[in-house]
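Structure, as structure tokens:
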Amino acid sequence: MEERRKNKRTVMNSRLLIKRLDNEEKHIEVDIEILDVSKSGVGFKADQLLKIGEVYESYLTIWTKEVLHAFLQIVRIELQGEEYVYGAVFIGMPEMDASRIEIYQTLHNGE
């Protein structure tokens, strides 16, 4: 399969809480498992069905234990067993936060 990603991906052991922005009803927080992350997006698993094109507010806990506040737009969904695997792009992530991800990838290139 041809690699179409523009930025290098890194696997991170982290958790993320997300909530839908376009829903006026009660916000539902969903716990997900991060599979990989780049400065432009994130791949993750969740047991709840999300929809392509939806935008979610997220709080990503990174390796330094800092929390990055970002907005994610779902661009890919794949069912693997009983879990859904998603691909999402960051929307409006500050360059400083994107740089933190890139610096981590540079420092841990051989791992």
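Computed from the coordinates by the stated procedures, all read-outs in this text should not be read as laboratory data. Note that this is a predicted model, so its numbers are computed, not measured. Reconstructed Cβ throughout: ideal geometry from the backbone, glycine too, with neighbour counts over all protein chains shown.
In this structure, the amide hydrogen of Val37, modeled 1.01 Å from its nitrogen in the peptide plane, lies closer than 5 angstrom to those of Thr10, Val11, Met12, Gly43, counting only residues at least 5 positions away or on a different chain.
The label point for Thr64 and the one for Ile91, both projected 7 Å from the Cα toward the Cβ, are 2.7 nm apart.
Quick one: if the Förster radius is 22 Å, what FRET efficiency do Ile52 and Val30 give, using the C-beta to C-beta distance and rounding to 0.05?
Efficiency for this residue pair is about 0.90.
Full extension of the chain between Ile77 and Ser40 yields a length gain of 11.6 nm, computed as 0.36 nm times the residue separation minus the alpha carbon distance.
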